[in-house]
Amino acid sequence: MLKDKVKTKEETKVRIRRRIRRKLRGSAERPRVYVFKSNRYIYTQAINDENGTVLAAASTLEKDFKADHKNYKNIGSCEKLGALLAQRLKEKKIEQIVFDRGVYPYHGRIKALAEAMRKSGLAF
């Protein structure tokens, strides 16, 4: 009886994700940067929502990133990942983004990633 009324973690994440996505839209000039954290790695993508295309991506799973770092989920590696994605976006002449934190609160690793992108010159 009570089990039916309790929301699962997955349902809660879907609700939060829908709420955030209602407010955020990415375009070719100002793509949406989405962050996903798995148990081992962190993935980021710059997405043009008008076409549904990925303009740039970076993750801690990449070989060149793995060669330089031992730990893939600490704050230091998130800062490096933010700088790497900002560099790739600058190469494509993108200066402004919309930051989509997903279902994760804006603190710790997510905040470090966003601050590193701001330091590298992206505006959001």
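The test for being without any contact (Cβ under 8 Å) to a residue 60 or more places away in the chain and either closer than 24 Å to Arg18 by Cα or not in a helix (DSSP H, G or I) (or both) does not hold for Lys80.
Conditions tested, residue by residue: (1) in contact (Cβ under 8 Å) with a residue 24 or more places away in the chain; (2) within 15 Å of Ser120 (Cβ to Cβ); (3) in contact with a helix residue (DSSP H, G or I) (Cβ under 7 Å, 6 or more places away or on another chain); (4) part of a helix (DSSP H, G or I).
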{"residue": "Arg15", "(1), (2), (3), (4)": "no, no, no, yes"}
{"residue": "Arg21", "(1), (2), (3), (4)": "yes, no, no, yes"}
{"residue": "Arg25", "(1), (2), (3), (4)": "yes, no, no, no"}
{"residue": "Ala46", "(1), (2), (3), (4)": "yes, yes, yes, no"}
{"residue": "Ala56", "(1), (2), (3), (4)": "yes, yes, yes, no"}
{"residue": "Leu61", "(1), (2), (3), (4)": "no, no, no, no"}
{"residue": "Asp64", "(1), (2), (3), (4)": "no, no, no, yes"}
{"residue": "Lys70", "(1), (2), (3), (4)": "no, no, no, no"}
{"residue": "Gln87", "(1), (2), (3), (4)": "yes, yes, no, yes"}
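Quick one: is Leu122 of a type in the set (A, V, I, L, M) and in contact with an Asp or Glu (Cβ under 9 Å, 6 or more places away or on another chain)? Spelling it out, Leu122 is indeed of a type in the set (A, V, I, L, M) and in contact with an Asp or Glu (Cβ under 9 Å, 6 or more places away or on another chain). Pairing each residue of region 91-106 that is surrounded by 15 or more Cβ atoms within 10 Å (Cβ to Cβ) with any residue that is at pLDDT below 95 and of a type in the set (Val, Ile, Thr), provided the two are 6+ apart or on different chains, yields C-beta distances under 6 Å for Val103/Ile16. Candidates Val33, Val54: the one that is loosely packed, with under 13 Cβ neighbours inside 10 Å, at pLDDT 95 or above and out of contact with any Lys or Arg (no Cβ under 9 Å at 6 or more places or on another chain) is Val54.
The values are calculated or read from the model by the stated rules, or taken from the named source; none is laboratory data. Please read all numbers here as calculations on a predicted model, not as lab measurements. Cβ coordinates were reconstructed from backbone atoms using ideal geometry, including for glycine residues, and neighbour counts include every protein chain displayed.
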